[in-house]
Amino acid sequence: MIELQHLTKRFAGAERDAVRDLNLHVNEGELLVLIGESGCGKTTTLNMINRLTEPTAGSILIGNEDAHAKDPVELRRSMGFVFQAVGLFPHLTVEENIAITPRLLKWPADKITARVEQLFDLVRLDAATYRARLPRELSGGQRQRVGLARALAARPRIMLMDEPFGALDPLTRDDLSADYRAIHDRLGLTTILVTHDMTEAFLLADRVAVMRDGELVQQGTPHQLLAEPADAFVRTLVETPRRRAKALARAMETDSAP
Amino acid sequence: MIAAAFAVLPGYLGQHVLLSISALVLGLLISLPLAIVASRVAWLRGPALGAASVIQTIPGLALLALFYPLLLMLSNFSEQVFGAGFRALGFLPALLALVLYSMLPVLRNTITALVATDPAILRAARGVGMTPRQSLLLVELPLAAPVIMAGVRTAAVWVIGTATLSTPVGQTSLGNYIFTGLQTENWVFVLFGCVAAAALALVVDRLLALAETGLAQHSRAKVIGAAVGLAIVIGASLVPIIGRAGAPVVIGTKSFEEQYILASLIGDKLRDAGFTTSERDGLGSSVIFHALAADDVGVYVDYSGTLWADQMKRRDTPDRTAVLNGVAAWLKQTQGVRDLGSLGFENAYAFAMRRDVAQRYGIHSIADLATYAPNMKIGGDYEFFGRPEWAAVKKAYGLNFAVMRQYQSNFMYRALQDGDVDVIAAFSSDGRIAQYHLQLLSDPRHALPPYDAVLLISPKYAHDRKLIDALKPLIGAINLSAMQHANLMVDRQTDKRSPAEAANWIEQQLH
């Protein structure tokens with residue numbers, strides 16, 4: 001579905017590549033998590049896929065078509081994008097935010113209204129309560145649900161998500177990521193999700209791609225990564241959830257000791 | 001006096017609002033696109049804001065004054081090239097100056113707001129598939145709207161205030177109260193003009209503030225309320241000036257009371273004959289003549305000696321009749337201007353002294369003055385010392401004063417009474433000469449030309465029978481004492497009358 005070939009990006013004035021010779025394949029219906037520390041190039045990679053950033057070299061194939069040959073605006077309208085900072089338009093109501101891409105695609109009004117209703121159900125928000133509210137009147141979790149609905153509005157086949165749950169409190173975060181996994185499966189989406197949280201990656205991902213300093217270090221299922229980490233960096237990274245689980249278990253034992 | 005002020009309010013307010021709104025709208029049409037371009041093209045920001053700031057430092061009156069000669073030049077040029085000129089006086093120069101004046105706050109606020117748009121929002125706008133144009137129209141401008149609106153508010157208040165200064169370039173505005181009031185020492189008028197302009201500015205400011213809050217709070221009700229309020233204010237102000245039948249005859253006045261009285265008299269005569277009229281008040285002596293020749297002004301009263309010296313550049317001083325005939329012939333031949341003839345009185349430059357001072361020195365004529373001049377102070381109006389008459393008198397009598405001071409004409413008489421100056425260049429038709437018992441000095445060497453008040457008609461109306469018939473009865477009908485009395489009615493401090501009332505008084509004398 002998505003094929004990145006020798007993808008390289010160097011920003012003007014930078015001393016080294018932000019992304020270097022990246023090769024990655026994402027299958028249709030797959031949820032791929034792109035993980036790494038901040039500054040490793042994972043967000044830049046995501047931005048290049050819908051051409052918010054243009055690559056310096058390499059190519060991107062979307063369903064066997066060269067992304068570079070397409071009109072960038074059309075390309076973006078065909079994909080859903082969820083941002084870490086949510087990026088809801090503060091002057092538009094929840095309903096208007098969700099409807100924005102269908103509106104840009106000039107859908108008829110009744111079709112947009114019907115679609116917005118569906119989306120409220122899909123992201124489990126009460127339409128009657130939230131429809132006319134402004135983003136600033138919502139909680140962080142509600143905002144991200146609206147952001148998700150907005151990204152899904154024009155029925156994209158591909159979803160790009162940039163640390164979508166990063167700024168949420170843990171309860172909301174678990175709730176919403178479980179909801180998203182269900183939506184992904186139900187709609188048969190192809191998703192690339194960027195995060196730096198290995199637990200989240202393992203819970204959500206069909207496959208995980210680890211990046212460091214602009215390069216792809218290893219890719220595979222969570223199981224493969226745990227079983228055969230490519231190097232010490234990956235090992236430390238993938239063992240984080242297990243290490244924390246153990247630490248947690250010890251803390252619980254100490255606490256419950258008489 | 002208040003009633004007289006209210007009587008002309010609809011016309012003044014309407015013109016003021018029309019001018020301000022036109023300037024604001026045109027200003028916005030220029031500033032907004034410029035600001036949008038400048039928010040995207042970084043190198044343009046400095047020059048655009050710099051130019052707007054420089055314009056802001058030019059005094060409003062000077063900016064307005066600069067546009068008249070500029071437009072006159074352009075008009076002459078277009079007349080030569082395309083065979084048609086345009087009106088260089090009145091609405092156009094006022095509009096252009098105010099447009100420039102309105103630009104800075106809108107430019108500054110729009111650029112600031114657009115440049116400061118949250119990058120996360122911009123990324124989201126692109127991410128959902130907006131073109132740069134859609135991002136601007138659907139996201140950036142709506143988000144910047146409250147800040148832009150604040151700029152528009154500032155611009156509106158500036159423009160409404162500065163529009164009062166458009167009176168001297170011939171555009172009627174609420175400034176007419178202030179300028180007329182200043183000339184005739186009618187402080188009620190001055191105050192009325194200030195209050196009216198301030199009230200208008202305040203109301204518009206409050207309504208725009210409501211729009212600004214409405215935009216910031218996304219309250220459609222507030223924005224609509226503000227729009228409706230503005231529409232009411234603008235609509236109500238413009239009603240008196242639209243739907244007026246026919247193009248009005250423009251009556252010009254120079255900036256002193258006699259001119260206001262005569263303009264009012266001429267206006268009454270023309271309106272009685274079925275014409276509509278408008279006034280261009282307080283024009284400069286040369287500006288008004290060129291405006292008449294260019295048909296920007298239809299009718300006004302000038303003085304034979306002024307035309308003789310200023311326009312014909314004659315330095316000799318023949319007798320009254322010769323000057324009158326010479327002026328009329330010259331006007332007809334070279335300018336196509338019709339000189340209907342003398343109104344019947346002279347308003348000459350005349351040297352005047354306090355009677356007691358004149359007696360102390362035994363001064364009766366300008367010739368006597370020459371001996372004492374080196375120890376004396378002379379006062380004149382803004383024009384006099386720059387005029388050829390002054391040069392001629394100085395030369396003829398060898399006058400050389402210790403001090404020369406310039407005054408607004410009504411302050412000049414005060415200065416003479418208070419002894420701040422010893423002699424003034426007064427006007428013979430001035431009512432205050434009799435009121436203050438001033439001694440007029442004779443001119444034995446005939447250095448000063450005669451100044452018969454003559455009624456001039458612009459080329460457009462030069463053969464308009466109806467207009468000429470309406471004004472003919474004024475020719476030879478006003479004698480010097482009647483004019484002095486009418487002038488005094490307006491000038492005096494007690495039982496002060498408006499120029500319109502003084503005009504009515506003259507009219508009663510005519511029958």
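The values are calculated or read from the model by the stated rules, or taken from the named source; none is laboratory data. On a predicted model such as this, the values are computed, not experimentally measured, just so you know. Methodologically, a virtual Cβ is constructed for each residue, glycine included, from the backbone with ideal geometry; neighbour enumeration extends over all protein chains shown.
Structure notes:
- Apart from one condition, A:Leu189 fits all of (1) surrounded by 15 or more Cβ atoms within 10 Å (Cβ to Cβ); (2) over 24 Å from B:Ala124 (Cβ atoms); the exception is (2).
- Residues (among the charged types (D, E, K, R), closer than 18 Å to A:Leu104 by Cβ and touching a helix residue (DSSP H, G or I) at 6+ places or on another chain (Cβ under 6 Å)) located in the range A:131-182: A:Arg150
- Flag for B:Asp316 being more than 14 Å from the chain's Cα centre (by Cα), acidic (Asp, Glu) and buried (at least 24 other Cβ atoms within 10 Å of the Cβ): no
- Test for A:Pro156: is it over 20 Å from the mean Cα position of the chain (by Cα), of a type outside the set (Val, Ile, Thr) and crowded, with 19+ Cβ neighbours inside 10 Å: no
- Screening B:Leu70, B:Leu66, B:Leu32 for residues that are more than 16 Å from the chain's Cα centre (by Cα) and under 26 Å from B:Gly175 (Cα atoms) leaves exactly one candidate, B:Leu70.
- Selection count, the range A:14-39, where residues are modelled with pLDDT of 90 or more, under 17 Å from A:Asp162 (Cα atoms), of a type outside the set (Asp, Glu) and within 16 Å of the chain's Cα centre (by Cα): 6
- Flag for B:Ala145 being over 30 Å from B:Phe411 (Cα atoms), touching a His at 6+ places or on another chain (Cβ under 9 Å) and either surrounded by 24 or more Cβ atoms within 10 Å (Cβ to Cβ) or among the hydrophobic types (A, V, I, L, M, F, W, C) (or both): yes
- Within the range B:176-209, considering residues that are touching a Leu at 6+ places or on another chain (Cβ under 6 Å) and small (Gly, Ala, Ser), the one farthest from B:Gly90 (Cα to Cα): B:Ala196
- Output for the range B:430-483, where each listed residue is of a type in the set (A, V, I, L, M), out of contact with any Phe, Trp or Tyr (no Cβ under 6 Å at 6 or more places or on another chain) and more than 20 Å from B:Leu265 (Cβ to Cβ): B:Ile433, B:Ala434, B:Leu438, B:Leu440, B:Ala447, B:Ala462
- Qualifying residue in the range A:91-101 (condition: more than 8 Å from every other protein chain (Cβ to nearest Cβ), within 20 Å of A:Thr191 (Cβ to Cβ), touching a residue at least 24 places away in the same chain (Cβ under 8 Å) and of a type outside the set (D, E, K, R)): yes
- Just so you know, in the range B:96-120 the residues that are small (Gly, Ala, Ser) and assigned to a helix (DSSP H, G or I) include one that is nearest to the chain's Cα centre (by Cα), and it is B:Ala97.
- Residue ranges of helices (runs of 4 or more DSSP H) in the range B:313-405 with at least 3 members touching a helix residue (DSSP H, G or I) at 6+ places or on another chain (Cβ under 8 Å): B:320-330, B:366-372, B:388-397
- Failed item in (1) surrounded by 12 or more Cβ atoms within 10 Å (Cβ to Cβ); (2) part of a helix (DSSP H, G or I); (3) touching a residue at least 40 places away in the same chain (Cβ under 8 Å), with A:Arg133 passing the rest: (2)
- Scan the range B:91-115 for residues that are hydroxyl-bearing (Ser, Thr, Tyr) and either surrounded by fewer than 18 Cβ atoms within 10 Å (Cβ to Cβ) or within 9 Å of chain A (Cβ to nearest Cβ) (or both) and the total you get is 1.
- First in the range B:116-134 and within 7 Å of another protein chain (Cβ to nearest Cβ), second anywhere and of a type in the set (Asp, Glu), Cβ under 8 Å, 6 or more apart: B:Gly129/A:Glu74
- Pair list, Cβ under 6 Å, 6 or more apart: the range B:354-365 residue within 14 Å of B:Ser442 (Cα to Cα), other residue in a helix (DSSP H, G or I) and of a type outside the set (Ser, Thr, Tyr): B:Ile363/B:Leu369
- Qualifying residue in the range B:165-177 (condition: at pLDDT below 90, surrounded by fewer than 22 Cβ atoms within 10 Å (Cβ to Cβ) and under 17 Å from the mean Cα position of the chain (by Cα)): yes
- Pick from the range A:1-23, criterion of a type in the set (Lys, Arg) and in a strand (DSSP E or B), ranking: farthest from A:Gln218 (Cα to Cα): A:Lys9
- Hits in the range A:117-142 - residues which are out of contact with any Leu (no Cβ under 6 Å at 6 or more places or on another chain) and within 13 Å of another protein chain (Cβ to nearest Cβ): A:Ala132, A:Arg133, A:Leu134, A:Arg136, A:Glu137
- Selected residue [within 32 Å of the chain's Cα centre (by Cα), in a helix (DSSP H, G or I), assigned by TED's automatic domain parsing to the domain that holds B:Ile21 and surrounded by 20 or more Cβ atoms within 10 Å (Cβ to Cβ)] from B:Leu202, B:Leu230, B:Leu215, B:Leu207: B:Leu207
- Of all residues in the range A:69-89, one or more are facing chain B (nearest Cβ under 10 Å), crowded, with 19+ Cβ neighbours inside 10 Å, at pLDDT below 90 and on the phi > 0 side of the Ramachandran plot.
- If you go through the range A:57-68 and keep only what is surrounded by 15 or more Cβ atoms within 10 Å (Cβ to Cβ) and touching a residue at least 24 places away in the same chain (Cβ under 8 Å), you end up with A:Gly58, A:Ile60, A:Leu61, A:Ile62.
- Residue list for the range A:19-56, restricted to those being away from chain B (no Cβ under 14 Å), surrounded by fewer than 22 Cβ atoms within 10 Å (Cβ to Cβ) and hydroxyl-bearing (Ser, Thr, Tyr): A:Ser38, A:Thr56
Residues are listed down the side, and each one gets a yes or a no for (1) at pLDDT 90 or above; (2) within 21 Å of B:Gly284 (Cα to Cα); (3) not assigned by TED's automatic domain parsing to the domain that holds B:Leu467:
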{"residue": "B:Asp339", "(1), (2), (3)": "yes, yes, no"}
{"residue": "B:Met376", "(1), (2), (3)": "yes, no, yes"}
{"residue": "B:Glu383", "(1), (2), (3)": "no, yes, yes"}
{"residue": "B:Ala391", "(1), (2), (3)": "no, yes, yes"}
{"residue": "B:Lys395", "(1), (2), (3)": "no, no, yes"}
{"residue": "B:Asn400", "(1), (2), (3)": "no, no, yes"}
{"residue": "B:Tyr407", "(1), (2), (3)": "no, yes, yes"}
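- A:Val234 vs. criteria buried (at least 21 other Cβ atoms within 10 Å of the Cβ), in contact with a helix residue (DSSP H, G or I) (Cβ under 9 Å, 6 or more places away or on another chain) and under 19 Å from A:Gly41 (Cα atoms): no
- Each residue in the range B:50-95 was checked for being modelled with pLDDT of 80 or more and either outside any helix (DSSP H, G or I) or of a type in the set (D, E, K, R) (or both), and 2 of them qualify.
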